Amino acid sequence: SKLIKHGLSGDLYDGVLEEGTRVVIKKIDLSSVNKESLFIAELEVLGKVSHHHRFVPFLGHCLENGNEKFLVYRYMPNKDLSTCLSRKNISGNNTQSPFLDWITRLKIATEVAESLYYLHHQCVPPLVHR
């Protein structure tokens with residue numbers, strides 16, 4: 001019941017830490033083909049960008065549970081970028097995500113460009129995303 005969405009590298013779940021902090025937990029099943037290499041790549045990227053203000057803060061992990069690994073991120077109330085930009089139904093109900101005006105879309109595009117610039121030119125070594 002806590003499933004937010006099925007992602008390419010793992011399923012995302014809504015959660016709350018003991019002290020009340022709302023989080024998103026990514027569950028990665030490494031028994032699936034190519035998941036282990038995606039998981040290692042994600043951990044490497046997180047180590048380089050976790051301090052940057054344009055990336056979702058990484059809070060922790062659980063790597064001790066056999067083929068199931070868990071990554072914990074801060075909950076972001078505006079969901080993910082694809083949800084914000086699309087007009088698809090939210091959570092299976094009949095309501096659509098709110099329309100974003102062009103000023104907001106331009107701001108998002110500018111901030112994404114700043115993030116890519118950071119990855120490509122300020123990380124050591126530089127990271128090229130996809």
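Under 5 Å between amide hydrogens, which residues at least 5 positions from Ile4 or on another chain qualify, with H placed 1.01 Å from N in the peptide plane?
Leu12, Tyr13, Asp14
Find the percent of Cα-Cα distances in the chain that exceed 20 Å, and round it to a whole number.
Beyond 20 Å sits 55 percent of the P(r) for the chain.
Any idea how many Lys pairs in the chain come in under 18 angstrom at the alpha carbon, given 8 or more places apart or on separate chains?
Lysine pair count for the chain: 19.
Computed from the coordinates by the stated procedures, all read-outs in this text should not be read as laboratory data. Given the structure is predicted, the values throughout are model-derived calculations rather than measurements.
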